[in-house]
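Worksheet: one structure, shown below.
Only the coordinates and a few stated rules stand behind these numbers; no lab work does. Note that the structure is predicted; figures quoted are calculated from it, not measured. Cβ atoms come from the backbone with ideal geometry, glycine included; neighbour counts cover every protein chain shown.
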Amino acid sequence: MPKQLFLKIFFGFWFVTVAQMAAIMILPNMLDPASKVDPKIEAFHKKLAHSLAKSSNLEKSVRKLQHKLRPPHFIKKRISDKRGRLDNIFVVDENKIGLKGNRLPKDIYLALIQLEEEPERRYFLFKRWGVYGPYAFTNDGKDYKLFVRDFEHKHRSVVLNFLKKHPGIIIAIAMLISAIICGLLSWHLSRPIRSLDRSAKQLAAGDLTARADKLALRYHDEIGQLAKSFNEMADSVQSMVNGQQRLLGDISHEIRTPLTRLQLACAIHRRQFGENDELMRIEHETEVIDKMLNQLLALSRSTLSDDHPFEQVDFAFFMEEIIDNARFEAHQANKQLDSTIAPDITVELQWDSLASAIENIIRNAIKYADSKVCFNAYRADEQLTITISDDGSGVEESHLENLFTPFYRVSTARDRKTGGTGLGLAIAHEAVKRHSGKISASNNEKGGLSVTIVLPLTPKIDNARND
């Protein structure tokens, strides 16, 4: 595949460089008409000067030329004929005085001044028009200079004269053109890269369906190839993750059959030979495995597609049974559960998955609390914020980010002795993510652990329309 991205960058900057060099080489000639006076015009003006040199009556000859070379009709409309504005032939003697001592127009006088600085100059630009000259000739033993006005190139003269007097504007124009070209090139290259960046962030956030969009794929260069490779990678990641989850669910399901047989064998053994410590140990480990399998199945179902519909529910009503059950469990453990739920909060949720997630977190808090668990739910910035806190021993800061990883445990008071499997918070994390929410853990002021869930709110249903 040709390196088209390399060629785009190379030719883009190469074109800008060539354009700037061309402007540097061409503009000076454009701004200096003296170096490029049309030879035909110059020959015609010299012919006029030669005819004036042979004239027996110079003033009369100048008047004839003025009448003969009157400007075209469209120029007459543009220029008012005041103080000789339509005159285009001027003869100046060696003392810079016009014929019969007439006062010279401003443009002719300025041309004489500029001629002292640039003797080789043959064209002068002014605000309203240009002036050709001087063309030297001798008449009746006296030296004269002929100047001819250039009415027809007025507009070009004005622009070029303005640019000549303001070279900074030329630099600014060159920089502007260069900036536009480089900006278009940068936009052309960065646009698909930004699109790929958004897709990569979505994939990193857990959205396994994220793919490079058509904007990046339609580029037939290295960026387009990168977009195709990204989609292939995302397909592989999604396939592996889904395969892992299905395998986890299948293994959990298959293990339940021998586990059930083991529990049945323990019951038969107890009936035949009575209770003993070894049998009690086997039953305890069997219960731990059974609990872990149940949670593995729950985790597998939460990470794969879920057909349970979302429904709009008043959050206080949704939590009513969950809080009653949790308060009963806390009472059995000689602990206290306090709850505060703001009224009139409507949330769109999957009942079973979110209920299971919150129950897991509350049970976890009751298990590790010393005496008290606090549950708070309130509205903040059009979001529902839920905090579940205990007054237990907390968790080291280095472990907080990994609490929602399956089978992760910390080597503090929250360890295997409590009977945990390391799956409860992972299940809660998947359920919250399914609700487009966020879950995090931190140590609170009492030294215990606080788990915070943030869910987007659904606009409250206006029941007044149904009345």
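Between Leu400 and Arg198, with labels modelled 7 Å along Cα→Cβ, what's the label distance in nm to one decimal, could you check?
Label-label distance for Leu400 and Arg198, simple model: 3.2 nm.
Rounded to the nearest 0.05, what FRET efficiency do Met280 and Asp324 have when you use their Cβ-Cβ distance and R0 = 45 Å?
0.85
Within segment 372-406, what residues put their amide N at less than 12 Å from the label point 7 Å along the Cα-to-Cβ vector of Lys446?
Of the residues in segment 372-406, 372-376, 388-394 have backbone N under 12 Å from the label point off Lys446.
Give me, ordered by chain and number, the residues 5 or more places off Val373 or on other chains with an amide H under 5 Å from its own placed amide H.
Gln336, Leu337, Asp338
Grab the beta carbon distance between Leu184 and Asp338, set R0 = 56 Å, and tell me the FRET efficiency rounded to 0.05.
0.35
With r defined as the distance between the Cβ atoms of Leu7 and Asn242 and R0 fixed at 45 Å, what FRET efficiency is calculated, to the nearest 0.05?
0.65
Could you give the length gained by full extension between Gln225 and Lys106, i.e. 0.36 nm per residue of separation minus their alpha carbon distance, to one decimal place? Intermediate values should be presented prior to the final figure.
Numbers: separation 119, 0.36 × 119 = 42.84 nm, distance 6.81 nm.
Gain on stretching Gln225 to Lys106: 36.0 nm.
Extension gain Leu259-Met21, at 0.36 nm per residue separation less the Cα-Cα distance, in nm?
77.4 nm
Give the order of Ile453, Ile177 when sorted by the count of other beta carbons within 10 angstrom, beginning with the fewest.
Ranking Ile453, Ile177 by Cβ neighbours within 10 Å, fewest first, gives Ile177, Ile453.
Listed here are the pairs Lys64/Lys100; Lys372/Lys438; Lys106/Lys142; Lys47/Lys106; Lys54/Lys142; Lys291/Lys438; which of them are more than 22 Å apart at the Cα?
Among Lys64/Lys100; Lys372/Lys438; Lys106/Lys142; Lys47/Lys106; Lys54/Lys142; Lys291/Lys438, the Cα-Cα distance tops 22 Å for Lys372/Lys438; Lys106/Lys142; Lys47/Lys106; Lys291/Lys438.
What distance in nm separates the simple spin-label points at Ile41 and Ala172, each placed 7 Å from Cα in the Cβ direction?
Using points 7 Å along Cα→Cβ, the separation is 2.8 nm.
HN-Hα J couplings of segment 448-453 from phi, Karplus 6.51/-1.76/1.60, θ = phi - 60°, integer Hz, Gly and Pro as x?
Those phi angles translate into x, 9, 10, 10, 10, 10 Hz.
What residues of segment 106-146 lie in the reach of a label at Asp93, counting those whose backbone N is under 16 Å from a point 7 Å from the Cα along Cα→Cβ?
Once the point is set 7 Å along Cα→Cβ of Asp93, 137-146 turn out to lie under 16 Å by backbone N, inside segment 106-146.
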